[in-house]
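The structure appears right after this line, and notes come after that.
The values are calculated or read from the model by the stated rules, or taken from the named source; none is laboratory data. In this text the structure is predicted, and so the values were computed from the model without any measurement. Quick reminder, even Gly has a Cβ in these numbers, built from the backbone with ideal geometry, and neighbours come from all protein chains shown.
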């Protein structure tokens, strides 16, 4: 299972998208061109444009509007990644030094703003106001989700309900937007648009659950993201929240004290705690639950190559090791 196989029905369209995306970034400022070329070298999985184009093809035909939608979401997604690296003081991104590591924070923030403004202009220049409204709502949710997570990490008072609100806002909102925009670009059928929105929301939640699980169970080095990062940042993800809820109160208090400490050797202790008190298995069950909800949304559509690819994407997202 890999993304090349999943994106096979839109192979030519993905190549076309990459040309359009690169063309969108051209500037009259040499430093901007230098940094954007560097960004293009950081080859990501392109899950978001793949989702836009597969959703468009599933609901109708890929059109010029579909490419506008794919470019918009990738511009905004890239802007958030660049800004996140500044906030997190990240040194690498996709196996290469991050923008902030190479050009420092000021240039990184400004180039993130450049990507954001390009996303707005792509929408406005093509009179795609509904695209812009939908995506702006996603960016608002992403920002609020991140800030809520910071608040709960500081107060050490996260709950499972809060956790799902956070991941729905900070991750699922943009993936939902990808699927919705793809559908909007190729159909006026409200049921199809709603089904694809629901698909995106649920696959987005499953994606983040898998990411949070991998922070405990390990991941391939190519991601450049070490196991235990969430714990270092005192993020209360589902595996830990469930274990704290299931464990005897005394044991949970001991673990909370360890988490609040600055000990560099706490990960192994917390990992075994999370595993012993059901955090790992509970999270795996939740991943399966949201994957099935995503598949239920696809059941509305007739069989096609695009439907098969989106079905395989659910499997990819929920079983990936990186």
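Residue-level analysis places residue 239 among those that are at pLDDT 90 or above and under 24 Å from residue 293 (Cβ atoms).
The residues of segment 1-15 that are within 21 Å of the chain's Cα centre (by Cα) and without any contact (Cβ under 8 Å) to a residue 24 or more places away in the chain amount to a single one, 4. Residues that are modelled with pLDDT under 90 and loosely packed, with under 12 Cβ neighbours inside 10 Å were ranked within segment 243-260; the one that is farthest from the chain's Cα centre (by Cα) is 257. Which of the residues belonging to segment 158-193 are outside any helix (DSSP H, G or I) and crowded, with 21+ Cβ neighbours inside 10 Å? Within segment 158-193, 158, 185, 186 qualify.
Counting only residues that are out of contact with any helix residue (DSSP H, G or I) (no Cβ under 7 Å at 6 or more places or on another chain) and outside any helix (DSSP H, G or I), segment 118-155 holds 1 of them.
Within segment 152-175, residues that are at pLDDT 85 or above have Cβ atoms under 8 Å from residues that are exposed (fewer than 15 other Cβ atoms within 10 Å of the Cβ) in these pairs: 160/245; 173/137, counting only partners at least 6 apart in sequence or on another chain. Put simply, of 100, 105, 28 the only residue that is farther than 24 Å from residue 7 by Cβ and not in a helix (DSSP H, G or I) is 28. Taking each residue of segment 90-108 that is farther than 21 Å from residue 45 by Cα and looking for partners that are modelled with pLDDT under 90 and part of a loop (DSSP other than H, G, I, E, B) with beta-carbon atoms closer than 7 Å, six or more apart or interchain, yields 101/91.
Quick grid of which residues meet (1) touching a helix residue (DSSP H, G or I) at 6+ places or on another chain (Cβ under 7 Å); (2) under 23 Å from residue 196 (Cα atoms); (3) surrounded by 22 or more Cβ atoms within 10 Å (Cβ to Cβ):
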position: 47; (1), (2), (3): no, yes, no
position: 56; (1), (2), (3): yes, yes, yes
position: 69; (1), (2), (3): yes, yes, yes
position: 75; (1), (2), (3): yes, yes, yes
position: 78; (1), (2), (3): yes, yes, yes
position: 81; (1), (2), (3): no, no, no
position: 89; (1), (2), (3): no, no, no
position: 95; (1), (2), (3): yes, no, no
position: 105; (1), (2), (3): yes, no, no
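Could you go through segment 56-68 and let me know if any residue there is within 28 Å of residue 4 (Cα to Cα) and under 17 Å from the mean Cα position of the chain (by Cα). No; the residues of segment 56-68 include none that is within 28 Å of residue 4 (Cα to Cα) and under 17 Å from the mean Cα position of the chain (by Cα).
State yes or no: is residue 285 under 15 Å from residue 196 (Cα atoms), loosely packed, with under 14 Cβ neighbours inside 10 Å and under 23 Å from the mean Cα position of the chain (by Cα)? It is false that residue 285 is under 15 Å from residue 196 (Cα atoms), loosely packed, with under 14 Cβ neighbours inside 10 Å and under 23 Å from the mean Cα position of the chain (by Cα).
Condition check: surrounded by fewer than 17 Cβ atoms within 10 Å (Cβ to Cβ), out of contact with any strand residue (DSSP E or B) (no Cβ under 6 Å at 6 or more places or on another chain) and farther than 18 Å from residue 181 by Cβ. Does residue 100 satisfy that? Considered against the rule, which asks whether it is surrounded by fewer than 17 Cβ atoms within 10 Å (Cβ to Cβ), out of contact with any strand residue (DSSP E or B) (no Cβ under 6 Å at 6 or more places or on another chain) and farther than 18 Å from residue 181 by Cβ, residue 100 comes out as no.
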